[in-house]
Structures are given as structure tokens and as C-alpha cells.
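See structure below.
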Amino acid sequence: MIRRLALFVIVTALVVAAAVWLADRPGEVVVHWQGWRVDTTVPVLVLALIAILTVSSFALKLTRGIVGFPRRLLAARRARRTRDGYRALSDGLAAIASGDPRRARKLARRADKLLEDRSLTGLLTAQAAELSGDETEAERRFTTMVERSETAFLGLKGLLALALKRGDRVAALDYAHRAWALGGPTDGIAATLFDLQARAGQWPEAEATLAEAKKRGAMSNGDVLHARALALVERSRVTADPAEALKLALAAHKADSGLVPAATQTAALFHRLGKPRKAESVIATTWRINPHPDLVEASLALAPAENPLQRVKRVEKLVRANPDSADGHMALAEAALAAKLWGQARTHLEAALAERPTGGLYVLLAKLEREERQDEAAAGAWLAKSTTAPSEPAWVCTACNKGADAWSVTCPHCGTVDGLVWR
Ligand SMILES: [Zn+2]
């Protein structure tokens, strides 16, 4: 502002000085041109020149304005279209996030029409199609996204989700592989790839995925160790060579010491190789973390010839490592009942009753009343209770909710990897 003011003052001063200078020097100018004659003074000539220059500069500006008008109109229209396109894109993504497929599709079509670059609207259109159940269109759009390196990962992720949804595991494995190989953001791909490889029985490949996932920080350390233990247990189970099988089982037990099947597998193999002490130690380690009836069974299997009293001692020794679990009390009660140690059996049954009253527990209480006191009435009362009580925990699949008699790495009903939980 101040600079403009100063410039104005300087220009005005110069003009005034020039006018004064001209006025001080009067003179005449005569112009002869093509039979024309103009007689004038110098100031008038200067003023006339200034007037001509001003008028012609204005005329030039006007012409330029008229000539450039359509082009400017077009540019403004294009800018408006782009702005509206981006708004439709942004609103469409918001509609996806809030789960409104109709609005998302409408906005996707609008963004598609307004924005010339189709790769910009690919994700929105694909997701909108997916949300509204149009899987063919979604697949077509995701496939287009795979062609550009910037959107390839999202495209493959979309295709992977679609393949999993329609149960095509072969295609899903391929997409997961390609997405993982891009090396960029991992976002759950590692776990999915491991799962698909495990289901396909590709255990060495699945283990390689885990090693890479650890390197890339794509899975938590605990998850990597647990998944590796699963892979090792499975490989140990199908290995014919007992020494190699033991090596694999022991590695599984070390990777995840809380994994019951790893411990029972290792113990069985140590037992077969004539190393019961090592087997006991493995079972005890896992009992400390995760007390489980399969561990009691594995321990008892190490010495099948023991008498009931010896079996009580064996179970007592195991349970001592983690004494307060319902499964520990149940195991001790059962061993004590078999050895006719009524007092001990009653103590543990009552402790288990306080923790987890189940049908199996009431059956044991009935057995105690009958065998210790021949009290049929009390036994009948417990048995009546057992029919309505919750059942004993068992291996149940988290995916299909069906039970299994024994643990396996994949659910025997639906094939889910690591689906069986004890509950
Ligand atoms: Zn299942």
C-alpha cells in the first residue's frame, strides 16, 4: 500500500515536471502527410499521442478478452466438473464406509462421469459394486486396478476377498501370493496367506511365509510363534522317521509351549524313544501354562502299568505345577476315586464344583456317594443334576461351531486352520 502510494507520488511529480518543462518551451509543430497539413503546438501533440496510445491499448485488451472468452469458459467448466467429481468421489467413499450401497453406486457413477481418469474412481466403483452384491462388476474393476502399480495391492486385496467369499481357495491363494509379493503394506495378508497355504497342505511354504512375516513385521511375534508351532506339529505328525518327527515336535513345543498338541506329540515321541523323564518335563512345562486333560492322559500313558495309587502320585506331581485349575481338580478326583481315596476325591470334587460345575463332575459326585457310602438317594440327586448341567469342555471349532473328538490343526468339518479351541 505504502509502496503503491510512493509510486503514485513519484509518477505524478514526473508528469507535472514534464508538463512544466513543455510549457516553458513553447514551439510549433507542422505535419505534412499525403496532402494533409496539421499545425499544432508541442503540448497538444504530446497529449494527442498519449490519447492514441491509451485508446489502442484498450482496444487490444477488449479484442483479447472477446477472443479468449470461449476458452476461459471451457476451462472454468472443466474445473467445476473436476471439483464436482472429487466431491462425488469423497461422498461415495463416505457412503461405502457407512454401508449405503445405493448411494455409493450413484456417487460412483457420477464420479466416473465427471472425472476423466478412471483409475481414480476404480476403488470406489469396485467397492460400491461389492457392497451392493454385484461381484462381476467388482471383479472387473479390481482387475483394472491391478494393472497400475499404485493401485495393484488394493486391487489384489479386493480380488482376494471376492475369491474367499465365493470359496475359491485356489484363486485366493494366487491373489494372496501376488499381493504379498508386492512387498508393500501387508495389512492382514500374511495371516491369510499362511492360512491358505496351510489349508492346501503347503507347510514348508507356510513356514516360509511366517519367516518373511516376522522379517517384515507383518504379524506379531506371538502370532508368528503360534502359527509356526502349528506348522511344525503338523509336519511332525506326518513324518515317518521318529527322530525327525521328534525334532519337529520339540521345535513346535519350544515355539509355543502352551500348545497342548505340541506337548502331547513331543511326549509320545520321547516315550517311544525310551525317554520318559524328558516326556514328563515337556508335559509339565505346558501344564504350567495351559492345564488340560490331554496332558493328564499323556502323562498316564507314559506308565500304563502303574496301579491306582501310583497313578494318583503321578497326577499329583503333574498338577502341582499349576494346582488351582478345574481340570487339575477333576483329574485328581478321578485318580483318587479309582484308588478309593474317598476323602481326597471329595476335596477335589468340591474344589472343581466351586470353579466349574459340569455334568461330568456331577457324575463323579454320584459315583463317590455310591461307592463310599452306598447312598443311592444322594447319588440319584447328583445324577439328576448332571442332565441339566453344562457339559464338559471339548474341542470346538470357532468357525463352524462343531465339536471334534481330538485336536487337529484343521477343523475336521470345515477345514479352518487353528479353528479348534478347548471350551
Ligand atoms: Zn469348523
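What the table below lists for this structure:
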quantity: Counted charge near Trp203, where neighbours are those whose Cβ lies closer than 14 Å (Asp, Glu -1; Lys, Arg +1); calculated: -2
quantity: Ranking by accessible area, most exposed first, for Ile189, Ile96 with a 1.4 Å probe; calculated: Ile96, Ile189
quantity: Using a Förster distance of 51 Å, the FRET efficiency for Leu120-Cys414 (Cβ separation, nearest 0.05); calculated: 0.80
quantity: Loop-located trypsin sites (Lys or Arg not before Pro) in the stretch 91-196, at most 12 other Cβ atoms within 10 Å (DSSP); calculated: Arg148, Arg166
quantity: Whole-number D in µm²/s for the chain (Stokes-Einstein; Kirkwood sum over Cα pairs; 4 °C, 1.567 mPa s); calculated: 43
quantity: Inter-label distance, nm, simple model (7 Å from Cα along the C-beta direction), Leu273/Arg288; calculated: 2.1
quantity: C-alpha center-to-center spacing [the stretch 182-208, the stretch 29-47] in angstrom; calculated: 95
quantity: Extended-chain gain in nm, criterion 0.36 nm per residue less alpha-carbon gap, Leu73 and Ala354; calculated: 92.9 nm
quantity: Per-residue SASA entry for Met145, accessible area with 1.4 Å probe, Å² rounded to 10; calculated: 10
quantity: Loop-exposed GluC sites (Glu not before Pro) per DSSP, neighbour cap 12 Cβ within 10 angstrom, longest uninterrupted part of the chain; calculated: 151-423
quantity: Per-residue [θ]222 nm for the chain (sum of -39500 (n - 2.57) over DSSP H runs n ≥ 4, rounded to 500); calculated: -24000 deg cm²/dmol
quantity: Difference of contour (0.36 nm per residue) and Cα-Cα distance, Val30 to Ala406; calculated: 123.2 nm
quantity: Residue pairs, from the table Lys106/Lys165; Lys254/Lys275; Lys275/Lys367; Lys247/Lys313; Lys278/Lys313, whose Cα atoms sit over 28 Å apart; calculated: Lys275/Lys367; Lys247/Lys313
quantity: Debye, to nearest 20: dipole size of the chain, +1 on Lys, Arg Cβ, -1 on Asp, Glu Cβ; calculated: 1900
quantity: Probe 1.4 Å - accessible area at Thr54, Å² to nearest ten; calculated: 90
quantity: Computed lengthening from Ser220 to Arg109, 0.36 nm per intervening residue step minus Cα-Cα distance; calculated: 35.9 nm
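The values are calculated or read from the model by the stated rules, or taken from the named source; none is laboratory data. Values in this document were obtained by computation on a predicted structure and should not be read as measured data. FYI the Cβ positions are ideal-geometry reconstructions off the backbone, even for glycines, and counts take in every protein chain you see. Ligands, DNA and RNA are stripped out before the accessible areas are found, and what is left, the full protein with its side chains, is counted by its heavy atoms. Shrake-Rupley method; radii C 1.70, N 1.55, O 1.52, S 1.80 Å.
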